[in-house]
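The values are calculated or read from the model by the stated rules, or taken from the named source; none is laboratory data. Bear in mind the structure is a predicted one, so any value in this text is a computation, not a measurement. Note that each Cβ is placed from the backbone with ideal geometry, even for glycine, and that neighbours are counted across all protein chains shown. Quick note on the areas: whole protein, heavy atoms, side chains included, nothing else; ligands and nucleic acids left out. Shrake-Rupley method; radii C 1.70, N 1.55, O 1.52, S 1.80 Å.
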Amino acid sequence: MRHTASKILLSACSVAVITGTLLIAPSGASAAEETTVEKGKALAFDRKLGNCLACHAIEGGELPGNIGPPLVSMKLRFPDKEALRAQIYDSNVRNPNSIMPPFGRFNILSGEQIDQIVEYVYSL
Amino acid sequence: MKKLLTATLVIGLCSAFTAQVQATPEDDLKTFRTYYEKRFPNTPFNDFINGVYSIDPASREQWEEIEEFPPYELSLDNGKKLFNAPFANGKTYASCFENGGEGIANRYPFFDKASGKVITLEAAINACRESNGEKPLSYKKGAIADISAYMHYTSRGNIINVIVPDDPRAQAIYEEGKKIFFAKRGQLNMSCADCHVHNSGNKIRADLLSPAIGHTSHFPVYRSAWGELGTLHRRYDGCNKQVRAKPYKAQGPEYTALEYFEAHMSNGLEINGPGSRK
């Protein structure tokens, strides 16, 4: 049941991404200039940095783990963007036993890198 | 619904392990076994000796094919040769062990009353060498893994029976091992239990996480990732590095305690070492 719901969310989500790309493309952003969202995505997918795919299914990510919930419709899950950032900065605040690494508190990622990941995850 | 059930069990185990501060090793063993039996109802108890293959029919078939022509065979032959080769003084390993060293791996590690220490099989192999005037072997791979593999091979089918006697020194080492097993460590802040208890059967990237019960039954292991045989402490080393924790020393007090805990948690299962894994 939950599975079906997230599938639907996932496809709704891909529509949003495609629309996003279409909107950006004509505005003439140079290929060299990565948007914050793109930077965040690269960090999230990098095995040595965010490596979020180790535990979360994310649209477009191959061989995801299933330890954490799929990252979908994040704006609905986190109306408050700061709460999303807090989860990534230090997962142990909400759940002291969380297996999710406290990316900010343990300096796994810098504050700027976390901001970029937040923008990316918020676009999901 | 299934998700919900799993979550409740996890919480059940956590509180069982944290609330009962006075839990005896026997209590822990019962909690552990019940947890995995409920989590993996389709796995017959003795099958937990097969790690991820006990819970994943998809990869099991391929692994069974590999085990038909085991990649550890050469190491096993070498281990047998080394085991039977006389030291410079003419004696052999057989002189150091009960039953000439055959069929005894299921009783290791054991608490030695005289020294107050826990002795793993690999530590006993080196102690044997040293008492016969030979240099100790290095602990993670090579000759020691081969000899240990042979000694496990002659113990196949024997039931793991690792006793934590009612001696404060033994209890303290057991508690230390249990603490290490449940403690978060490293820059990624994860415990053995995070992966092998609470998330056993889940995937981290493409890797399925094995249940901790049975972890000690099939070592030393030939890993295709290593391209050779390695000891249990070499595997511990790898799991620590994955979470960016500084590994402890092979056969040092921490990993010895950890092995004591994990082996006790595997009581009742058969020895099936050496094994092969990814």
(request) Please find, within the stretch B:225-235, the residue that is nearest to residue B:106 (Cα to Cα) out of those that are open to solvent by less than 20 Å² (accessible area, probe 1.4 Å) and part of a helix (DSSP H, G or I). (result) B:232
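Identify, from the list A:40, A:68, A:104, the residue that is in contact with a helix residue (DSSP H, G or I) (Cβ under 6 Å, 6 or more places away or on another chain), of a type in the set (Gly, Ala, Ser), surrounded by fewer than 19 Cβ atoms within 10 Å (Cβ to Cβ) and at pLDDT 95 or above. It would help to see each step written out before you state the result.
Values: A:40 fails: surrounded by fewer than 19 Cβ atoms within 10 Å (Cβ to Cβ); A:68 fails: in contact with a helix residue (DSSP H, G or I) (Cβ under 6 Å, 6 or more places away or on another chain).
Going through A:40, A:68, A:104 in turn, the sole match is A:104.
In the stretch A:75-101, which residues are open to solvent by less than 60 Å² (accessible area, probe 1.4 Å) and either modelled with pLDDT under 95 or among the basic types (Lys, Arg) (or both)?
Of the residues in the stretch A:75-101, the ones open to solvent by less than 60 Å² (accessible area, probe 1.4 Å) are A:78, A:83-88, A:90-92, A:98-101.
A:85 - this is the single residue of the stretch A:75-101 that is open to solvent by less than 60 Å² (accessible area, probe 1.4 Å) and either modelled with pLDDT under 95 or among the basic types (Lys, Arg) (or both).
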(message) Every residue in the stretch B:203-224 that is assigned to a loop (DSSP other than H, G, I, E, B) and open to solvent by 40 Å² or more (accessible area, probe 1.4 Å), please.
(response) B:206, B:224
(request) Those residues that are of a type outside the set (A, V, I, L, M), outside any helix (DSSP H, G or I) and either more than 19 Å from residue A:119 (Cα to Cα) or more than 14 Å from chain B (Cβ to nearest Cβ) (or both), I need them from the stretch A:72-100; list them, please. (result) A:73, A:78, A:79, A:80, A:92, A:94, A:95, A:96, A:97, A:98
(request) Could you please give the count of residues in the stretch B:184-200 that are more than 10 Å from every other protein chain (Cβ to nearest Cβ) and within 20 Å of residue B:47 (Cα to Cα)? (result) 3
(message) Quick check on my filter: what residues within the stretch B:87-105 are open to solvent by less than 30 Å² (accessible area, probe 1.4 Å), closer than 20 Å to residue B:138 by Cβ and in a loop (DSSP other than H, G, I, E, B)?
(response) B:87
(message) For the list (1) part of a loop (DSSP other than H, G, I, E, B); (2) of a type in the set (Phe, Trp, Tyr); (3) more than 18 Å from residue B:255 (Cβ to Cβ), I need the number of the one condition that residue B:150 fails.
(response) (1)
(request) Taking residue A:66 as meeting all but one of (1) within 14 Å of chain B (Cβ to nearest Cβ); (2) not in a loop (DSSP other than H, G, I, E, B), write down the number of the exception. (result) (2)
(request) Quick one: in the stretch B:43-91, of everything that is in contact with a Gly (Cβ under 8 Å, 6 or more places away or on another chain) and among the aliphatic types (A, V, I, L, M), which residue is farthest from residue B:210 (Cα to Cα)? (result) B:88
(request) Could you check how many residues of the stretch B:191-224 are of a type in the set (A, V, I, L, M), within 26 Å of residue B:106 (Cα to Cα) and in contact with a Leu (Cβ under 6 Å, 6 or more places away or on another chain)? (result) 0
(request) Determine which single condition residue B:108 fails, assuming it passes every other condition in (1) loosely packed, with under 15 Cβ neighbours inside 10 Å; (2) under 30 Å from residue B:209 (Cα atoms); (3) outside the structural domain of residue B:210 (by TED's automatic domain parsing). (result) (1)
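Consider the stretch A:85-107. How many of its residues are free of Cβ contacts under 8 Å to residues at least 24 places away in the same chain and over 22 Å from residue B:182 (Cα atoms)?
Count: 4.
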